[in-house]
Amino acid sequence: MTNIRLLLVDDHRMLREGLRRSLTAEGFEIVGEAANGEIAVELAAELVPDVILMDVSMPEMDGLEATRLIMATDTPARIIMLTMHADNEVVAKAIRAGASGFLVKDCSTEEIAEALRTAAKGETVISSGVASRMMEEVRRIDTPDGPPENSLLSKREEEVLQLIADGCATNEVADRLFISAKTVKNHLASIYQKLDARDRTQAILQAMRMGIVQLR
């Protein structure tokens, strides 16, 4: 099995060194490190990692702006945000920037490793604490009056997206709905097109704003 190629981005050298040792031991290939968002953007283009573990607060260019610039290049890389405090505004901005997941810095190495592996497979990673904050922010900025009378999505597509919002992986969705993983992926492709979303995170956010799904 090919190792996941990882770019570490954090302005604290000791934290980067600790993450490098721990994640190397977990089987990741650390292809580069950056101390700020500006360097991260350059290395992301040069190294094309599978996943980027990105700190939010950094000098010169923060992780949110770096994420926005990297995702604007249509990179295949997935970005996991690492935050000290997952407040509502940061979570919302990270979603809009194109982040694939959110972790707080007090999580374990095992949790970080699992999140990175999940992101590398194209899944969205949202910890329970961050998910609740994301729901609060969505309600604050755009609270719907109720479920839309004419949803853009079919009933089955709504079921698929709700399970994704609940944190289920593709195979889990397939098992719960008694359909194939390929059918789940086809439904997701249709959902992205209908909601004008680039990935699962954006689709979930848009569907939440429309009252189609909710974080539970």
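The values are calculated or read from the model by the stated rules, or taken from the named source; none is laboratory data. The structure displayed is predicted, hence computed values, not measured ones. Virtual Cβ from ideal backbone geometry, glycine too; neighbours counted across all protein chains shown.
If you scan the range 117-154, which residues turn out to be modelled with pLDDT under 85, assigned to a helix (DSSP H, G or I) and small (G, A, S)?
Correct list: S128, G129, A131, S132.
Among the numbered criteria (1) under 20 Å from A197 (Cβ atoms); (2) not in a helix (DSSP H, G or I), which one does S57 miss?
So S57 meets the others, but not (1).
List every residue pair whose Cβ atoms sit under 7 Å apart, with the two residues 6 or more apart in sequence or on different chains, where the first one lies in the range 154-166 and is of a type in the set (S, T, N, Q) and the second, anywhere, is not in a helix (DSSP H, G or I).
Within 7 Å, the pairs are Q162/V213.
Identify all residues within the range 80-100 that are under 14 Å from A119 (Cβ atoms) and touching a residue at least 40 places away in the same chain (Cβ under 8 Å); write none if there are none.
Matches in the range 80-100: I80, L82, G98, A99, S100.
Tell me whether the range 108-116 contains one or more residues that are in a loop (DSSP other than H, G, I, E, B), out of contact with any Leu (no Cβ under 7 Å at 6 or more places or on another chain) and closer than 24 Å to G167 by Cβ.
Yes.
Quick check: anything in the range 155-162 at pLDDT below 85 and surrounded by 15 or more Cβ atoms within 10 Å (Cβ to Cβ)?
Checked the range 155-162: no residue is at pLDDT below 85 and surrounded by 15 or more Cβ atoms within 10 Å (Cβ to Cβ).
Return the total of residues in the range 43-70 being of a type outside the set (G, A, S) and either over 16 Å from V90 (Cβ atoms) or touching a residue at least 40 places away in the same chain (Cβ under 8 Å) (or both).
Within the range 43-70, residues that are of a type outside the set (G, A, S) and either over 16 Å from V90 (Cβ atoms) or touching a residue at least 40 places away in the same chain (Cβ under 8 Å) (or both) number 16.
Considering A189, A165, which residue is at pLDDT 85 or above and either closer than 24 Å to A97 by Cα or out of contact with any Pro (no Cβ under 8 Å at 6 or more places or on another chain) (or both)?
After applying the criteria, what remains is A189.
Using the structure shown, decide if D62 is out of contact with any helix residue (DSSP H, G or I) (no Cβ under 8 Å at 6 or more places or on another chain), buried (at least 17 other Cβ atoms within 10 Å of the Cβ) and either among the polar types (S, T, N, Q) or over 18 Å from T201 (Cβ atoms) (or both).
no
Scanning the range 2-25 for residues that are over 16 Å from K105 (Cβ atoms) and in contact with a strand residue (DSSP E or B) (Cβ under 8 Å, 6 or more places away or on another chain), which turns out surrounded by the most Cβ atoms within 10 Å (Cβ to Cβ)?
The selected residue is L6.
Can you tell me which residue is surrounded by the fewest Cβ atoms within 10 Å (Cβ to Cβ) among those in the range 111-121 that are without any contact (Cβ under 8 Å) to a residue 60 or more places away in the chain and of a type outside the set (V, I, T)?
This residue is K121.
Residue under question is M84, and the condition is that it be within 26 Å of A25 (Cβ to Cβ), in contact with an Asp or Glu (Cβ under 9 Å, 6 or more places away or on another chain) and at pLDDT below 85; does it hold?
Yes, satisfied.
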